[in-house]
Ligand code: SF4
């Protein structure tokens, strides 16, 4: 329910399996939480590459006939939420290109922070772009005459890209996975019992596709999967490999059952909740979560504090954007359609509400207002990450800094704005104490404003974002909490 942060993209690919297309469909289905705007599959029979893309959910874009018309035994797929370029069918992926080096399909998760610069340079050299998304830059770099068709073309092109990228590429004879030198976005390898390999953004896509988890790709790794087996290589030198995994994958984006950056997401979220209970204890009668992303942290809070856990909200899984948008339902009503309060759990109680994060603050404010209607004595909000103060340039769609509630308000102001008895955000150091790798191995830029990769394009965008404060409903002056 993080209001304003939207998922980025999900990737899935299968090589060497007679039902690769069907498995890719189920893989995308399992990754639907990473993007709901468009979906696509590109597949090869070893000769041509054919694809189908459409706007909407996986189940809306594909049917049996479409899947039967796609080729086997290798396929890659993509679900998208736009972080760069508008949400149109033109920008849906995989992108399929034919160039001097052959045919290739490209599926990308992440955001390139030098895409506009590269695009400008390529256009001056004669490239004609078909889409407005950053991923197409890779296709044009690959097709560029000095590199096209050369054995090390991919390595050299990936070295030109700055920012966050996990790619799955498909050619008629191989599937390739590649991850940027910082490993911002996840990408993992699985093996299908009975033959074949899969690549996926998250391991939660393995079980429904009959695959078992093998390992995550390393930052800076290119993994080639072909009829000759697996071949791993790196495209950046050792000094350039500096892990900066997106910690927000653990906090909010990834499915709790997935293994991300070496750990099960649910376990990390429980530790975040437990640390929150240590840091911000309170005398209360019940712990509830904002479903679904606050569930694991709420369990951790309950286990550490000993305060009983109960379900204060029941989520209606059948009410989604597709229902709400055509009817222009206002945000407050949308919250009441999506969540129902279980009144006996709340009435007369001192309630701890655990939420994963606060972005704009509008949704959680409506949730708290709704909760007060059920008659609690007190409401204590606990947030399992620090205040978000800066936008993300690496593939997560946050609003501009002016629209981020915590970028221009203190915790006390936010507590009053939300009408809370108390409010506690998990501090940065404590959050980093809940993950297994050293603190320097994670990107935390949205909490600190310290960006591990920075370009002129980003500086310009940050400057514009600060000049455009958002309008938060219920506030007097735009961007300020009364
Ligand atoms: S800025 Fe935040 S959301 Fe973006 S990659 Fe870094 S940690 Fe993740």
Practice task
Kindly indicate whether any position in the range 388-403 is touching a residue at least 12 places away in the same chain (Cβ under 8 Å), over 22 Å from residue 266 (Cβ atoms), assigned to a helix (DSSP H, G or I) and more than 16 Å from the ligand (Cβ to nearest atom).
Solution key: yes
Completion exercise
Among residues of the range 207-232 being free of Cβ contacts under 8 Å to residues at least 60 places away in the same chain and part of a loop (DSSP other than H, G, I, E, B), the residue nearest to the ligand (Cβ to nearest atom) is 219
Practice task
Identify the residue in the range 248-266 that is in a strand (DSSP E or B) and out of contact with any helix residue (DSSP H, G or I) (no Cβ under 6 Å at 6 or more places or on another chain) and, among all such residues, is farthest from the ligand (Cβ to nearest atom).
Solution key: 264
Practice task
Provide a single number: the residues in the range 143-167 that are part of a helix (DSSP H, G or I), at pLDDT 90 or above and either touching a strand residue (DSSP E or B) at 6+ places or on another chain (Cβ under 9 Å) or within 16 Å of the ligand (Cβ to nearest atom) (or both).
Solution key: 3
Exercise for the section: Identify, from the list 379, 367, the residue that is assigned to a helix (DSSP H, G or I) and in the same structural domain as residue 311 (by TED's automatic domain parsing). Expected result: 367
Exercise for the section: Would you mind stating whether residue 201 is within 16 Å of the ligand (Cβ to nearest atom), touching a helix residue (DSSP H, G or I) at 6+ places or on another chain (Cβ under 7 Å) and closer than 21 Å to residue 263 by Cβ? Expected result: yes
Exercise for the section: Being touching a residue at least 24 places away in the same chain (Cβ under 8 Å) and not in a helix (DSSP H, G or I) is the filter; apply it to the range 404-419 and report the residue that is nearest to residue 361 (Cα to Cα). Expected result: 404
Handout entry: Verdict on residue 463 being within 22 Å of residue 162 (Cβ to Cβ), without any contact (Cβ under 8 Å) to a residue 60 or more places away in the chain, out of contact with any helix residue (DSSP H, G or I) (no Cβ under 9 Å at 6 or more places or on another chain) and within 13 Å of the ligand (Cβ to nearest atom)
Key = no
Exercise for the section: Would you confirm whether any residue within the range 24-31 is surrounded by 23 or more Cβ atoms within 10 Å (Cβ to Cβ), in a loop (DSSP other than H, G, I, E, B), within 14 Å of the chain's Cα centre (by Cα) and modelled with pLDDT of 95 or more? Expected result: yes
Handout entry: Members of the range 440-457 that are surrounded by fewer than 20 Cβ atoms within 10 Å (Cβ to Cβ), assigned to a helix (DSSP H, G or I) and either in contact (Cβ under 8 Å) with a residue 60 or more places away in the chain or away from the ligand (no atom under 12 Å from the Cβ) (or both)
Key = 440, 441, 456, 457
Fill in the blank from the handout: Only unsatisfied item for residue 245, checking (1) closer than 23 Å to residue 32 by Cβ; (2) crowded, with 24+ Cβ neighbours inside 10 Å; (3) within 16 Å of the ligand (Cβ to nearest atom), is (2)
Completion exercise
Reported set for the range 410-439 where residues are surrounded by fewer than 20 Cβ atoms within 10 Å (Cβ to Cβ), within 12 Å of the ligand (Cβ to nearest atom) and over 22 Å from residue 219 (Cα atoms) is 428
Completion exercise
Filter the range 361-387 for residues that are surrounded by 23 or more Cβ atoms within 10 Å (Cβ to Cβ) and within 16 Å of the ligand (Cβ to nearest atom); the one that is farthest from the chain's Cα centre (by Cα) is 383
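The values are calculated or read from the model by the stated rules, or taken from the named source; none is laboratory data. What you see is a predicted model; the values in this text were computed from it and never measured. We place every Cβ from the backbone using ideal geometry, glycine too, and count neighbours over all the protein chains shown.
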